[in-house]
Amino acid sequence: EDQVTQSPEALRLQEGESSSLNCSYTVSGLRGLFWYRQDPGKGPEFLFTLYSAGEEKEKERLKATLTKKESFLHITAPKPEDSATYLCAVQAKGGSEKLVFGKGTKLTVNP
Amino acid sequence: EAGVAQSPRYKIIEKRQSVAFWCNPISGHATLYWYQQILGQGPKLLIQFQNNGVVDDSQLPKDRFSAERLKGVDSTLKIQPAKLEDSAVYLCASSLDVTGHGYTFGSGTRLTVV
């Protein structure tokens, strides 16, 4: 069974204090690993898709990386508007195209 | 481009009552998904449609949940009868395909069963 574990569950940072979120996964064959951002009362918003180990993608202060067992979401010099829950999901090769999500990391950035 | 529309935004019902949620996907998106997100957890797939056919409903509690997608566009998800543990946000998503950013979520319907 495909599984995704995210850590930490919650993270508090000061504005400008860089850090990383972790996503460990087990999947029969990885088609893609997805990162989403979710604000309170809203649906998840797509950030990145990574397909193979060694791949990296960047968007503003966020950078996602992928290894064969885990992915990291690096946040550089965060701002209060980066506060949200960050969800990681995997999609397996074959079968339906469903995403299997982790529980998320709730990030709070204090000014 | 208009997003995925869901209604209602909030619903409070008593246990054993029935409830229905509606979803209108992005125009032209063939694939539609219903996810359940319990507080503090990640979304879990309930059912996936490709046009108006079911692709995956392995995690749908079929004794109480049902879903349909008429004419391959709008979809409704129904719960009858509701249980306390059904309290959650029900998210609808649609996609052309699932590679890249093709997977778009609606804002969800927050269901509270009392």
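Taken as a whole, the structure places A:Ala10 among residues that are closer than 14 Å to A:Val109 by Cα, among the small types (Gly, Ala, Ser), within 14 Å of chain B (Cβ to nearest Cβ) and open to solvent by 20 Å² or more (accessible area, probe 1.4 Å).
Residues in region B:57-101 that are among the small types (Gly, Ala, Ser), under 23 Å from A:Val100 (Cα atoms) and surrounded by 15 or more Cβ atoms within 10 Å (Cβ to Cβ): B:Ser66, B:Ala67, B:Ser75, B:Ser87, B:Ala88, B:Ala93, B:Ser94, B:Ser95.
Listed here are the residues, each with its yes/no results for (1) in a loop (DSSP other than H, G, I, E, B); (2) crowded, with 19+ Cβ neighbours inside 10 Å; (3) under 11 Å from the mean Cα position of the chain (by Cα).
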| position | (1), (2), (3) |
| --- | --- |
| A:Ser28 | yes, no, no |
| A:Gly43 | yes, yes, no |
| A:Lys68 | yes, no, no |
| A:Pro78 | yes, yes, no |
| A:Tyr86 | no, yes, yes |
| A:Glu97 | yes, yes, no |
| A:Thr108 | no, no, no |
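Scan region B:29-54 for residues that are of a type in the set (Val, Ile, Thr) and either facing chain A (nearest Cβ under 8 Å) or in contact with a Pro (Cβ under 7 Å, 6 or more places away or on another chain) (or both) and the total you get is 1. Of the residues that make up region A:74-92, is at least one away from chain B (no Cβ under 14 Å), touching a Phe, Trp or Tyr at 6+ places or on another chain (Cβ under 7 Å) and on the phi < 0 side of the Ramachandran plot? No, the conditions are met nowhere in region A:74-92.
Yes or no, residue by residue, for (1) at pLDDT 95 or above; (2) touching a Phe, Trp or Tyr at 6+ places or on another chain (Cβ under 8 Å):
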{"position": "B:Arg9", "(1), (2)": "yes, no"}
{"position": "B:Ile13", "(1), (2)": "yes, no"}
{"position": "B:Arg16", "(1), (2)": "yes, no"}
{"position": "B:Thr31", "(1), (2)": "no, yes"}
{"position": "B:Asn52", "(1), (2)": "no, no"}
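Yes or no: region A:99-111 includes at least one residue that is within 14 Å of chain B (Cβ to nearest Cβ) and modelled with pLDDT under 95. Taking every residue of region A:99-111 in turn, at least one turns out to be within 14 Å of chain B (Cβ to nearest Cβ) and modelled with pLDDT under 95.
Of all residues in region B:27-40, those being touching a residue at least 60 places away in the same chain (Cβ under 8 Å) and open to solvent by 10 Å² or more (accessible area, probe 1.4 Å) number 4. Kindly establish whether A:Lys103 is open to solvent by 60 Å² or more (accessible area, probe 1.4 Å), within 21 Å of B:Cys92 (Cβ to Cβ) and outside any strand (DSSP E or B). For A:Lys103, the condition - open to solvent by 60 Å² or more (accessible area, probe 1.4 Å), within 21 Å of B:Cys92 (Cβ to Cβ) and outside any strand (DSSP E or B) - is met. Here B:Arg110 meets each of (1) part of a strand (DSSP E or B); (2) more than 11 Å from chain A (Cβ to nearest Cβ) with one exception, condition (2).
The values are calculated or read from the model by the stated rules, or taken from the named source; none is laboratory data. From a predicted model like this one, the values you see are computed outputs, not experimental measurements. In this analysis, Cβ positions are derived from the backbone assuming ideal geometry, glycine residues included, and neighbour counts consider all displayed protein chains. In case anyone asks, the SASA skips ligands and DNA or RNA and just uses the protein heavy atoms, side chains included. Shrake-Rupley method; radii C 1.70, N 1.55, O 1.52, S 1.80 Å.
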